[in-house]
Amino acid sequence: MPVPGGLLDWRDSSHFRWDAPCTLCRTPTPLRSHAGEPVHKACAEAWLADHPVEARLGRFVSDPQPKRRDDNGHA
């Protein structure tokens with residue numbers, strides 16, 4: 001979960017589907033949250049910033065980040 005005002009990382013192709021009305025602004029979007037909720041990434045980020053208490057419940061979260069490797073290729 002990003003910090004309030006932070007950016008979501010939605011690089012995975014599972015976030016992109018057919019157009020549906022954004023849950024928050026009602027204009028069409030091909031994006032989906034992890035729960036399959038149609039929502040623009042910018043709308044989700046604004047919602048997280050405006051609702052810091054509810055944001056802790058994980059409505060909108062970032063994709064898991066791959067583990068960093070050191071210079072020797074080890075995790």
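The values are calculated or read from the model by the stated rules, or taken from the named source; none is laboratory data. Note that the coordinates shown come from a computational prediction; the quantities given were computed from them, not determined experimentally. We place every Cβ from the backbone using ideal geometry, glycine too, and count neighbours over all the protein chains shown.
Return the residue satisfying two criteria in turn: it lies in the stretch 1-48 and is in a strand (DSSP E or B) and either of a type in the set (Phe, Trp, Tyr) or at pLDDT below 90 (or both), and of such residues it is farthest from VAL61 (Cα to Cα). Lay out the reasoning, then the answer.
Looking only at the stretch 1-48, we keep the residues that are in a strand (DSSP E or B), and these are 16-21, 28-32, 38.
Now narrow it down to the ones that are either of a type in the set (Phe, Trp, Tyr) or at pLDDT below 90 (or both): 16, 18.
Details: PHE16: 15, TRP18: 20 Å.
Within the stretch 1-48, the match that is farthest from VAL61 (Cα to Cα) is TRP18.
Select from the stretch 12-36 the residues that are under 21 Å from GLN65 (Cα atoms) and either surrounded by fewer than 12 Cβ atoms within 10 Å (Cβ to Cβ) or not small (Gly, Ala, Ser) (or both) and list them in ascending order. Break it down stepwise before answering.
Pass one, the stretch 12-36, residues under 21 Å from GLN65 (Cα atoms): 12-16, 31-36.
Matches in the stretch 12-36: ASP12, SER13, SER14, HIS15, PHE16, LEU31, ARG32, HIS34, ALA35, GLY36.
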| field | Meets criteria (in contact with a His (Cβ under 8 Å, 6 or more places away or on another chain) and either assigned to a loop (DSSP other than H, G, I, E, B) or at pLDDT 95 or above (or both)) for LEU57 | value | no
| Out of (1) touching a Pro at 6+ places or on another chain (Cβ under 7 Å); (2) surrounded by fewer than 14 Cβ atoms within 10 Å (Cβ to Cβ), what's the single condition that is false for ALA55? | (2)
